[in-house]
Every structure is written in structure tokens, then in C-alpha cells.
Amino acid sequence: MNEAITPPDISDIQAFLACATPQAWVEVALQNLPLLLIDHAQCEKKAAAAAMSLMHKHVDRPELLKKMSQLAREELLHFEQVINLLYERGIAYENISPSRYAEALRKQMRTSEQGRFIDLLIIGALIEARSCERFVALIPHLDPALAKYYRSLVKSEARHFIDYLDLARLYADGPIDARIAELVAAERELIESPDPQFRFHSGVPEAA
């Protein structure tokens, strides 16, 4: 265990999420760090692409354009940094199949155009919140270099969570707390249920 790197406080994110990462996932992650890092790189690339997609579809929303532009730049920088980490550790980057997580959350989206838009922003907040929570869950157990890097990501990931949630509230037609609670509950089910595939956002490993 790495005692030197203290995980940052993310109590607001932990309060937002309905559950913590199961210890079984942490144990499997530590046994599969190359795969974890490869999937982490893919997640950063997908996060940048998701932000760019929102910018293309909503050119008339200046607040969204500003926040998503910043988010896309940061996620691409993180992608580059993780690629460098892979290179330094002698791990070949490759395309791997995605986890069930993001697609399963998107299946929960409403069918109306406005409903899908707001749900997509809430799901963006959930993904960023869970990423942040998982970094913090891993930090005490990682080698000092990787622990330090993951700690450096927490601040930006936490800001991305806030940005997505703020945009959802800004553009919603009314209160969205009930809808947030529904999607948070769906996210909890994915995190706590058995999952045959290990990935950065996967559920409880079936072999655990």
C-alpha cells in the first residue's frame, strides 16, 4: 500500500453517488494494471469525443460550448498522458472492447429530444463522478508515480462532474432531482452487480 500519497477529499462526489466502488473491483484492478491503464486511455479519448459531439449538436448554447471545449482539451491531454505512461511501462496500447457501463446508462435515456439531452448531461456527470471516485479508491494501493498521477486527475474530473451537472440544471425545463436520483440508482446497479468483463467502469468481477 502506498502510504505517501493521500487521496484528496471528494465527499461531495461520494455523497452524489449511491455506492462506493466494491473492494473486489479494486483487488482485481490491482492485479490487472496494464488492462486498467489501456481502458483508462480509451475512456479519456471517449470523454473528449463526447464533449465534441455535444459542441457540434448544440452550437446555440454558449455555456455548453465553453465548458465542453475546456473539457475536451483536458480529456485529450489526459489521453496523451496515459499513453505516455503506457509507453514508459512497456505496455502496448490497443483497442479493447468497451465496458457495459456507458451504453447501459444511455439505454436509460428518455426518448424525447429534450429528455435525451438532459439525461446525457446527467450521465456525463455520473461518469466523471465515478471516474473520480475510482481514482481515489485506487490511489492508496498504487506505486508512487501512478498514485501521484491519479491524484493530479481528481481535481479536473471533479470539475467536469460539476460542469455536466450545472449544464443539466441550466438547460432543464424544471427540477431534475428526481431524474438524477433515477439515473444514480441505475448506475449503482451497474457498479454493484456481477460483471463478466473487467474494465475501468465495470461492476463486481464475477471471478472475485
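Below is a table of values for the structure above.
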read-out	value
Any hit, region 182-190, residues being aliphatic (A, V, I, L, M), in contact (Cβ under 8 Å) with a residue 60 or more places away in the chain and within 20 Å of VAL28 (Cβ to Cβ)	yes
Residue list for region 64-104, filter: in contact (Cβ under 8 Å) with a residue 12 or more places away in the chain and of a type in the set (Gly, Ala, Ser)	SER69, ALA72, SER97, SER99, ALA102, ALA104
Qualifying positions in region 164-194 - touching a Gly at 6+ places or on another chain (Cβ under 6 Å), assigned to a helix (DSSP H, G or I) and not aromatic (Phe, Trp, Tyr)	LEU190, ILE191
ARG100 being over 17 Å from the mean Cα position of the chain (by Cα) and of a type in the set (Lys, Arg)	no
Test: residue in region 150-163 that is in a helix (DSSP H, G or I), without any contact (Cβ under 8 Å) to a residue 60 or more places away in the chain and of a type in the set (Ser, Thr, Tyr)	yes
Pairs, first in contact (Cβ under 8 Å) with a residue 24 or more places away in the chain in region 4-15, second surrounded by 15 or more Cβ atoms within 10 Å (Cβ to Cβ) and of a type in the set (Val, Ile, Thr), C-beta under 7 Å, six or more apart	ILE5/ILE139; PRO7/VAL136; PRO7/ILE139; PRO8/VAL136; PRO8/VAL154; ILE10/VAL136; ILE10/VAL154
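No lab work stands behind these numbers, since they all come straight from the coordinates. If you're wondering where the values come from, they're calculated on a predicted model, not measured in any experiment. Positions of Cβ are backbone-derived with ideal geometry, glycine not excepted, and every protein chain shown enters the neighbour counts.
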